[in-house]
Amino acid sequence: MPETVAARLETQMNGCRLRILIVGAGIAGATLAALLHRHGERPAIIERGSNTADGGYMLGLMPLGARVLHGLQLTEAYQRASVAVTTYEAFDRNGGLIRSYSLADLVDRFGSWRGVERGVLLSLLRDACGPICFETTVKDIIEREKSVTAIFPDGSRAGFDLIVGADGIHSSTRARIVPDDKVEEFDTGWGGFVMWSTPKNFAGGTYSELWSTGWGLGLYPVPGRVGMFLAGRDGKLSETDGEAYAAELEQRLAAGPFLDALQARDATIRPTYWRMVDYRSSIWSRGRVVLLGDAAAAFLPTAGVGASAAMDSAAALADELSRAESARMNFALELYEKRQRHRVEATEKNSRDLSKLMFVNSAPAAWARDKLMEFYSLKHLINDISKVMAGA
Ligand SMILES: Cc1cc2nc3c(=O)[nH]c(=O)nc-3n(C[C@H](O)[C@H](O)[C@H](O)COP(=O)(O)OP(=O)(O)OC[C@H]3O[C@@H](n4cnc5c(N)ncnc54)[C@H](O)[C@@H]3O)c2cc1C
């Protein structure tokens, strides 16, 4: 008889002090599990997907998140698997360079800013977080005062001191503990396709973005290739496919790095479409169930900070759990939320503010944005994020 999910999780938790179940081995869940391991805990962790994390999409990891990797002794492996980002270039609606921003001051103060494939970062984290129970989810949760029980799809069940919902933007854990009217949705009305490219002569350390009227294109290098985000209005893009949209954007672009990248796109990888929507839950925990990462507050990728915020929160939760006793779990969760909510919501707000600059639909607004960008410093663009990195 195959081993039940509950039995496999008991093996994962062998020798644990607190019985913790982490639902979702994404950026937040895998970071939390890895940190708990270093604190001597043995959390159980389950993941709906299979054990084949592909590249997925490109991530710009700020020091806010990357700092966590030092404590996991993953710094060297991470540096080998990523490229340093030193410059951000903003192009106007006609494809002309508005400004080139150096990230040197930020890097000097806070640490390096790097580009990495999501799947590569996940592999590093997952290797550090003990065994993961893949292709598994939670069917139901029964909350009691002194424990919480998870019921798995095979019918087996297990009791825990805490269940952590780290199951991403469309979190089913959140849906279980938070009423719909307590989850705010921010819909930009835009979306975009992620595609990959290997253009010749690409300057590896530069993030380049061109924002026009109703469409935009971003180039984000990782080792060996460039991730592209082909943005546009959701209503239009949901009716087309990535390849057709790439061909359409090619017609609009003059010679330069954006056209080069589009023409060198990798047609063997199917473009993935993402709606530019975020969510903010006003409730982070109920009883012995807590939300982490995108499950608590999901980010637009406009500032490239969602993964960093998820890792920062995972570090805070791991720290609080390392001092928590089961009988006072509520207190530990309260402290975690006090530490993180304002940081997460400030960075999420920054991402929303940037979306208003980027996702512009009228020609006059695009003209005004381009003018404004001539005067905007990097500090203006990521002011809230910089404050959070500085400890606000
Ligand atoms: C196109 C795009 C570009 C982005 N670019 C950046 C960037 O440059 N920089 C940055 O910092 N952030 C970026 N982000 C945001 C960042 O990826 C997220 O904020 C981050 O991954 C959040 O981590 P998470 O662990 O909460 O969610 P995820 O990483 O999405 O992980 C959730 C995990 O839970 C699993 N799961 C879901 N449901 C269940 C279930 N019911 N049971 C078990 N497992 C489940 C999923 O399979 C997944 O593995 C980008 C996002 C997108 C979409």
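The values are calculated or read from the model by the stated rules, or taken from the named source; none is laboratory data. Keep in mind the model is a prediction, meaning the values are calculated, not measured. FYI the Cβ positions are ideal-geometry reconstructions off the backbone, even for glycines, and counts take in every protein chain you see.
Descriptive notes on the structure:
- Residue check for A261: over 14 Å from F91 (Cβ atoms), among the aliphatic types (A, V, I, L, M) and not in a strand (DSSP E or B): no
- Hits in the range 295-315 (condition: more than 7 Å from the ligand (Cβ to nearest atom), farther than 27 Å from R38 by Cβ and either of a type outside the set (G, A, S) or surrounded by fewer than 24 Cβ atoms within 10 Å (Cβ to Cβ) (or both)): L300, T302
- Taking first residues from the range 156-172 that are outside any loop (DSSP other than H, G, I, E, B) and of a type in the set (S, T, Y) and partners that are within 7 Å of the ligand (Cβ to nearest atom) and at pLDDT 95 or above, the Cβ contacts under 8 Å between residues at least 6 apart in sequence or on separate chains come to S172/T137; S172/V138.
- Count of the range 124-155 residues which are assigned to a loop (DSSP other than H, G, I, E, B) and surrounded by fewer than 16 Cβ atoms within 10 Å (Cβ to Cβ): 9
- Matching option when the condition is more than 23 Å from A307 (Cβ to Cβ), within 14 Å of the ligand (Cβ to nearest atom) and out of contact with any Lys or Arg (no Cβ under 7 Å at 6 or more places or on another chain), among L292, L259, L237: L237
- Just one of the listed residues (V178, V107) is away from the ligand (no atom under 14 Å from the Cβ) and farther than 30 Å from L219 by Cα, and it is V178.
- When the test is whether a residue is buried (at least 22 other Cβ atoms within 10 Å of the Cβ), modelled with pLDDT of 95 or more, near the ligand (Cβ under 9 Å from one of its atoms) and closer than 27 Å to S102 by Cβ, P221 does not pass it.
- Candidates in the range 21-40 are the residues that are more than 7 Å from the ligand (Cβ to nearest atom) and assigned to a strand (DSSP E or B); of these, the one that is nearest to I151 (Cα to Cα) is L21.
- Members of the range 11-25 that are surrounded by 16 or more Cβ atoms within 10 Å (Cβ to Cβ) and in contact (Cβ under 8 Å) with a residue 40 or more places away in the chain: Q12, L18, R19, I20, L21, I22, V23, G24, A25
- Members of the range 42-60 found to be more than 11 Å from the ligand (Cβ to nearest atom), at pLDDT 95 or above and of a type in the set (D, E, K, R), listed by number: R42
- Residue in the range 65-72 that is in contact with a Gly (Cβ under 8 Å, 6 or more places away or on another chain), in contact (Cβ under 8 Å) with a residue 12 or more places away in the chain, crowded, with 24+ Cβ neighbours inside 10 Å and closer than 15 Å to F152 by Cβ present: no
- Taking the criterion of being assigned to a loop (DSSP other than H, G, I, E, B), of a type outside the set (V, I, T) and touching a Ser or Thr at 6+ places or on another chain (Cβ under 9 Å), the only residue of the range 178-203 that qualifies is A203.
- Some residue of the range 332-342 being among the polar types (S, T, N, Q), in a helix (DSSP H, G or I), modelled with pLDDT of 95 or more and within 13 Å of the ligand (Cβ to nearest atom): yes
- Checklist (1) more than 19 Å from the chain's Cα centre (by Cα); (2) within 15 Å of the ligand (Cβ to nearest atom); (3) among the hydrophobic types (A, V, I, L, M, F, W, C); (4) in a helix (DSSP H, G or I) applied to A7, failing item: (2)
- When each of A231, A255 is tested for being free of Cβ contacts under 8 Å to residues at least 40 places away in the same chain and of a type outside the set (F, W, Y), the lone residue that passes is A255.
- For the range 261-280, the candidate set comprises residues that are among the hydroxyl-bearing types (S, T, Y) and in contact with a strand residue (DSSP E or B) (Cβ under 6 Å, 6 or more places away or on another chain); within that set, the residue that is surrounded by the most Cβ atoms within 10 Å (Cβ to Cβ) is Y279.
- Selection status of E348, out of contact with any strand residue (DSSP E or B) (no Cβ under 7 Å at 6 or more places or on another chain) and assigned to a helix (DSSP H, G or I): no
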